[in-house]
Amino acid sequence: MRYFLLFASFFLLIGCGNDTTQAKKDPDPKEEPAEKQPVFGIVIHGGAGTILKKNMTDSMEAAYKVVLEEAIRRGHEILRNGGTAMEAVTKTINVMEDSPLFNAGKGAVFTHEETNELDASVMDGATLNAGAVAGVTRVQNPIDLALAVMNNSPHVMLSGKGAENFAEEVDIELVDPSYFYTERRFQSLQKLKKIEKDRHISAVFEDPFIKDSKFGTVGCVALDKNGNLAAGTSTGGMTNKRWNRIGDAPIIGAGTYANNATCAVSSTGWGEYFIRAMVAHDISAMMEYKGVSLKEAASEVIQKKVPDLGGNGGIVAIDKEGNIAMEFNTAGMYRAHMNAEGELTIGIYKEE
Ligand code: ASP
């Protein structure tokens with residue numbers, strides 16, 4: 001038996017030696033696997049609602065597309081240069097916050113009291129850290145303050161005056177509230193107030209025209225070259241909102257969610273329903289617990305769960321492999337996607 005084992009080990013050694021020799025041989029260039037490029041990608045939305053081609057002029061449409069493209073290219077460049085998903089998300093959102101076209105930052109809708117109250121949030125998929133602000137009136141770029149809450153405070157969500165005091169402490173740009181005034185949004189409020197008065201209803205919630213005509217919230221989700229996901233959302237909320245109403249945008253799990261194990265999501269739509277359906281987290285949870293694809297999860301929540309409750313809106317999302325979803329149950333959603341190869345898709349209406 002001992003001789004047999006010696007004999008066997010001798011042949012094993014020879015065998016291993018042969019393997020080593022083979023491994024040292026120059027590899028056949030034809031067999032060498034192509035170097036795998038890291039996957040990354042970015043998706044944005046600029047709000048969902050009754051966005052119909054017949055109500056849009058060519059110049060309006062072009063103006064929206066210009067800002068969507070500028071915003072997504074900003075984030076894409078950060079990702080291409082190896083920047084983080086969070087940096088791409090916040091810098092992309094800054095571009096849309098600074099544009100009067102969108103209901104976020106400059107261009108935010110008006111409250112019943114004719115003020116602007118802004119909400120925003122961010123979430124980091126690698127750490128599950130998150131930051132949010134609600135009801136701020138003097139913060140030029142609320143998404144930057146949400147990021148500061150995440151990075152520089154022990155809290156997740158700050159609101160109103162306190163959030164602005166915190167902004168001063170961390171050197172976030174404050175502006176006079178008049179910065180947020182735009183004639184277009186002010187006129188929308190006047191129109192709603194008139195409907196409210198004429199029909200004796202609470203226009204925000206009861207009028208079918210009104211409930212379907214809020215749009216312009218902005219959001220972004222990104223996957224960076226290191227496989228990290230991030231999401232962010234920024235909004236002025238709903239026109240004619242009262243009583244310091246807060247929507248889904250600053251609520252982690254409703255308006256924003258990111259988890260490296262699943263996906264990153266940013267929502268837009270009728271916030272009350274998105275809070276009740278916990279839209280962003282629900283999509284992630286379906287992937288995490290049921291193993292369904294991002295597309296299936298997004299479709300289930302946006303085409304079934306939200307409308308079954310009576311709400312409407314949409315989401316953009318990206319998963320850890322760079323698969324994306326741009327799902328909405330309204331007539332349109334301003335949206336754009338750019339992948340690692342730099343291919344750009346921009347859409348506004350449903351049929352695109
Ligand atoms: N979700 C936002 C809110 O309810 C509004 C929107 O997305 O248009 O505050």
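The values are calculated or read from the model by the stated rules, or taken from the named source; none is laboratory data. It should be emphasised that the depicted structure is a prediction, and the values quoted were computed from it without experimental measurement. Cβ coordinates were reconstructed from backbone atoms using ideal geometry, including for glycine residues, and neighbour counts include every protein chain displayed. Side chains included, ligands, DNA and RNA excluded: accessible areas come from the protein's heavy atoms. Shrake-Rupley method; radii C 1.70, N 1.55, O 1.52, S 1.80 Å.
Just the residues that are open to solvent by 10 Å² or more (accessible area, probe 1.4 Å) and within 16 Å of the ligand (Cβ to nearest atom), please, taken from segment 279-297. Before you say what the answer is, go through the steps one by one.
Going through segment 279-297, the residues open to solvent by 10 Å² or more (accessible area, probe 1.4 Å) turn out to be 281-282, 285-293, 295-296.
Result: HIS281, ASP282.
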Looking only at segment 213-233, how many residues end up being within 8 Å of the ligand (Cβ to nearest atom), open to solvent by 10 Å² or more (accessible area, probe 1.4 Å) and not β-branched (Val, Ile, Thr)? 2
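Starting from residues that are open to solvent by 30 Å² or more (accessible area, probe 1.4 Å) and among the hydrophobic types (A, V, I, L, M, F, W, C), keep the ones in segment 172-192 and report whichever is farthest from the chain's Cα centre (by Cα).
Start the filter on segment 172-192 by keeping residues that are open to solvent by 30 Å² or more (accessible area, probe 1.4 Å), which leaves 172-174, 176-179, 181, 183-184, 186-188, 190-191.
Checking the rest, the ones that are also among the hydrophobic types (A, V, I, L, M, F, W, C) come to 172, 174, 186.
Numbers: ILE172: 22, LEU174: 24, PHE186: 26 Å.
The residue in question is PHE186.
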Of everything in segment 300-324 that's closer than 18 Å to GLY219 by Cβ and free of Cβ contacts under 8 Å to residues at least 60 places away in the same chain, which residue is surrounded by the fewest Cβ atoms within 10 Å (Cβ to Cβ)? ASN323
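Condition check ((1) assigned to a helix (DSSP H, G or I); (2) in contact with a strand residue (DSSP E or B) (Cβ under 8 Å, 6 or more places away or on another chain); (3) farther than 19 Å from THR235 by Cβ; (4) hydrophobic (A, V, I, L, M, F, W, C)) across all residues:
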| position | (1), (2), (3), (4) |
| --- | --- |
| ALA48 | no, yes, no, yes |
| LYS54 | yes, no, yes, no |
| GLU61 | yes, yes, yes, no |
| LYS65 | yes, yes, yes, no |
| ARG73 | yes, yes, yes, no |
| ILE78 | yes, no, yes, yes |
| GLY83 | no, no, yes, no |
| GLU87 | yes, no, yes, no |
| ALA104 | no, yes, no, yes |
Against the definition (over 22 Å from THR84 (Cα atoms), among the acidic types (Asp, Glu) and open to solvent by less than 10 Å² (accessible area, probe 1.4 Å)), how does GLU169 come out, yes or no? no
Between a residue in segment 234-262 that is under 19 Å from GLY46 (Cα atoms) and more than 8 Å from the ligand (Cβ to nearest atom) and any residue that is among the basic types (Lys, Arg) and part of a loop (DSSP other than H, G, I, E, B), which pairs come within a Cβ distance under 8 Å, given they are 6 or more apart or on different chains? THR239/LYS214
Candidates ALA130, ALA126, filtered to the one that is open to solvent by less than 30 Å² (accessible area, probe 1.4 Å) and aliphatic (A, V, I, L, M): ALA130
Please work out if ARG276 is in contact with a His (Cβ under 6 Å, 6 or more places away or on another chain) and either away from the ligand (no atom under 11 Å from the Cβ) or open to solvent by less than 40 Å² (accessible area, probe 1.4 Å) (or both). no
